[in-house]
Structures are given as structure tokens and as C-alpha cells.
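A.B. asks: Dropping the structure in here first, questions after.
Rule-based calculations on the coordinates, nothing more; no lab input. Keep in mind the model is a prediction, meaning the values are calculated, not measured. Quick reminder, even Gly has a Cβ in these numbers, built from the backbone with ideal geometry, and neighbours come from all protein chains shown.
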Amino acid sequence: MDKGVLITVEGTDGAGKTTLIEYLKIWLINKKFDVIATREPGGTQLGEVLRKILLGDHDHDDQHDANTRISARISDQAELMLMFTARMQHLQEVILPAMEAGRCVLCDRFTDATYAYQGGGRGISERRIQQLEDWVQQGLQPDLTLMLDVPVEVGLQRTKKRGRTRPGGDRFEQQQIDFKEAVRQVYLQRAEKYPQRIKLIDATRCVAEVQNDLIQSVGAFLKARCGACK
Ligand code: TMP
């Protein structure tokens, strides 16, 4: 590949995103792609600090109580800005240099998540999010987005079974069903709006079927892009 590619993976809670990303990463490495797997919010030292604050996922150290209070008081608008702060740093420090070097960047969530969570979930206008997107990304969009979809009820059942390090999950997982429904609806609307870029994958099926779909989508994309996959 002359220029790198950015593949993002999105999903509603309980869609099995983490395991599927790991599977895809290994598949790409076996195909001899130079893969860098990263995530949002996160992916840099600054981003990982912001992630802890945003998700309310703090270490049990001396600062624990103070940090937990900070997380509990983030306003919706500040949350949006912090997502884009993490993203700006991530782009400048990790994603853009990797793409310049011709690498394949596999990113666990990106700006579709902002439209879904801060837009759908928190009710911030699409126009406001787009303003920040335009400034931070300067026109950059993922080359391919794999959107793993499960109905909210199914996702909830799965996350309950999986068990959690913190009771009730992170700041987003703790939200009410309405919030989760709104997040899912925005994801589905975006998949419909950008069918070339976003591949919607029904993640209610068994793991093998979902893995197969993922690989079909990524394989077809890479073949069109660089003729590298069968
Ligand atoms: P996850 O990595 O386990 O999916 O957790 C990340 C959480 O952050 C998830 O609940 C979605 C949320 N999030 C946003 O609200 N907005 C964003 O822009 C991103 C990237 C993630």
C-alpha cells in the first residue's frame, strides 16, 4: 500500500467488538499487512488519561475519589470536547504518522461513536459535532467502518453475562435504555447514509458467521484498494 488505510470498528454494547477486533488484527497480520491496533478514546498517553476520566474508570489509588467526582460532573458539552481532544492528539501522534508510513490502522471506535453517543445519546446537535469534526479531521474519514449491531436488549443480556470489573459498567454503559436506543438509531442512520464506507454487520449471529462477514468486508475493501487479498 502506498498510503495507509484507516479501518474503524464500531458497535453497540455487547456486540463483541473487542474479541472481533483481535480476530481481525490477527487475520490482517497473517495477510502480511503492517497493522497498528488502537482505540478511542485513547491511543496516546493523553488519550488514555482522558479515557479514564470519560469512562469513570479510575485506579484505586489516593486520587480515586477525586477522579470519580470529576467523572461524575462532566457536562455533555465538555464530554464532546474531550472526545475530540483525545482524537486530535491521536490523529497527530499515532494515526496520521502511521498512515503516512503506509500502515493499516485498525481503530476501535472513531467519530461515528461521537455522533452516536454525544449526538444521539446526549442530544448534541449534529451540526456542532460536524464543526469539530471538520476542524480536527480536516476532511479525513475512515476508509472502511465495520459496524457491529445488536439490539439493545440483546447487548444488555450479553454484558450482564460477561460480568464487569466495575458494577454496572462504565459511564456510558450505566446509561438508561433510552440513551442506548438513541445511540443505536444514530449508528443505523449513519450506516444507511454512508453505505460505501460503513458495513453494517448483524452481530446477533454466532461468532463464526460474524467473523466471516468481517473478513469478507475487509477482504473486498483491501482487494479494491490494493489488490492484496483474495
Ligand atoms: P469501549 O472502548 O469499551 O467501546 O468504550 C468506549 C466508550 O466511549 C463507549 O461507551 C463509547 C464511548 N465513546 C463516546 O461516547 N464517544 C466517542 O467519540 C467515542 C470514541 C467513544
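A.B. asks: Scanning segment 1-44 for residues that are under 16 Å from the mean Cα position of the chain (by Cα) and among the basic types (Lys, Arg), which turns out farthest from Gln118 (Cα to Cα)?
C.D. replies: Lys25
A.B. asks: A further question on this structure: Can you name the residue in segment 3-24 that is of a type in the set (Gly, Ala, Ser) and within 12 Å of the ligand (Cβ to nearest atom) and, of all such residues, is surrounded by the most Cβ atoms within 10 Å (Cβ to Cβ)? Lay out the reasoning, then the answer.
C.D. replies: From segment 3-24, those of a type in the set (Gly, Ala, Ser) are 4, 11, 14-16; that's our starting set.
Retained after the next criterion (residues that are within 12 Å of the ligand (Cβ to nearest atom)): 11, 14-16.
On the way: Gly11: 24, Gly14: 24, Ala15: 26, Gly16: 19.
Of everything passing the filter in segment 3-24, Ala15 is surrounded by the most Cβ atoms within 10 Å (Cβ to Cβ).
A.B. asks: Which numbered condition in (1) more than 13 Å from the ligand (Cβ to nearest atom); (2) over 20 Å from Thr19 (Cα atoms) is the only one that Leu156 fails?
C.D. replies: Tallying (1) more than 13 Å from the ligand (Cβ to nearest atom); (2) over 20 Å from Thr19 (Cα atoms), Leu156 fails exactly one: (2).
A.B. asks: Do we have any residue at all in segment 89-102 that's touching a residue at least 60 places away in the same chain (Cβ under 8 Å), among the small types (Gly, Ala, Ser), closer than 21 Å to Ile124 by Cβ and more than 10 Å from the ligand (Cβ to nearest atom)?
C.D. replies: Here is the first cut: in segment 89-102, the ones touching a residue at least 60 places away in the same chain (Cβ under 8 Å) are 95, 98-102.
Filter once more, keeping what is among the small types (Gly, Ala, Ser): 98, 101-102.
From the residues that got through so far, the ones that are closer than 21 Å to Ile124 by Cβ too are none.
Taking every residue of segment 89-102 in turn, none turns out to be touching a residue at least 60 places away in the same chain (Cβ under 8 Å), among the small types (Gly, Ala, Ser), closer than 21 Å to Ile124 by Cβ and more than 10 Å from the ligand (Cβ to nearest atom).
A.B. asks: Assuming Gln63 fulfils every condition listed in (1) polar (S, T, N, Q); (2) farther than 19 Å from Gly169 by Cβ; (3) within 15 Å of the ligand (Cβ to nearest atom) apart from one, which condition is it?
C.D. replies: Here Gln63 clears every test but (3).
A.B. asks: Collect the residues in segment 198-225 that are in contact (Cβ under 8 Å) with a residue 40 or more places away in the chain and not in a helix (DSSP H, G or I), keeping them in residue-number order.
C.D. replies: Passing the criteria: Ile198, Lys199, Leu200, Ile201, Asp202, Ala203, Thr204.
A.B. asks: Give me a count of the residues in segment 21-70 that are over 30 Å from Val218 (Cβ atoms) and either in a helix (DSSP H, G or I) or not small (Gly, Ala, Ser) (or both). Quick ask: steps written out before the conclusion?
C.D. replies: Initially, segment 21-70 is screened for residues over 30 Å from Val218 (Cβ atoms), giving 49, 52-53, 56, 58-70.
Among the residues that remain, those that are also either in a helix (DSSP H, G or I) or not small (Gly, Ala, Ser) (or both) are: 49, 52-53, 58-70.
Final tally of qualifying residues: 16.
A.B. asks: On to the next question. Condition first: surrounded by 22 or more Cβ atoms within 10 Å (Cβ to Cβ) and touching a Ser or Thr at 6+ places or on another chain (Cβ under 7 Å). Now tell me which residues in segment 88-107 satisfy that.
C.D. replies: If the condition is that a residue be surrounded by 22 or more Cβ atoms within 10 Å (Cβ to Cβ) and touching a Ser or Thr at 6+ places or on another chain (Cβ under 7 Å), then His90, Val105, Cys107 are the ones that fit.
A.B. asks: Are there helices (runs of 4 or more DSSP H) fully within segment 83-195 with at least 1 residues that are closer than 26 Å to Ile70 by Cβ? List them. Give the steps one after another, and end with the answer.
C.D. replies: Working: elements: 96-100, 126-137, 152-162, 177-193.
Answer list for segment 83-195: 126-137, 152-162, 177-193.
A.B. asks: Out of the residues in segment 25-45 that are away from the ligand (no atom under 14 Å from the Cβ) and within 24 Å of Phe84 (Cα to Cα), state the one that is surrounded by the fewest Cβ atoms within 10 Å (Cβ to Cβ). Before you say what the answer is, go through the steps one by one.
C.D. replies: Our first condition is that a residue be away from the ligand (no atom under 14 Å from the Cβ); within segment 25-45, this holds for 25-36, 45.
Within this subset, residues satisfying the condition of being within 24 Å of Phe84 (Cα to Cα) are 35-36, 45.
On the way: Val35: 18, Ile36: 19, Gln45: 10.
For segment 25-45, the residue satisfying everything is Gln45.
A.B. asks: Here is a follow-up. Looking only at segment 62-87, filter to residues that are free of Cβ contacts under 8 Å to residues at least 12 places away in the same chain and hydrophobic (A, V, I, L, M, F, W, C); which one of those is surrounded by the most Cβ atoms within 10 Å (Cβ to Cβ)? So that I can check it myself, show each step before the final result.
C.D. replies: Taking segment 62-87 first, the residues free of Cβ contacts under 8 Å to residues at least 12 places away in the same chain are 62-66, 69, 73, 75, 78.
In the following step, the residues that additionally are hydrophobic (A, V, I, L, M, F, W, C) were identified as 66, 78.
On the way: Ala66: 9, Ala78: 13.
Looking at residues that are free of Cβ contacts under 8 Å to residues at least 12 places away in the same chain and hydrophobic (A, V, I, L, M, F, W, C), I get Ala78.
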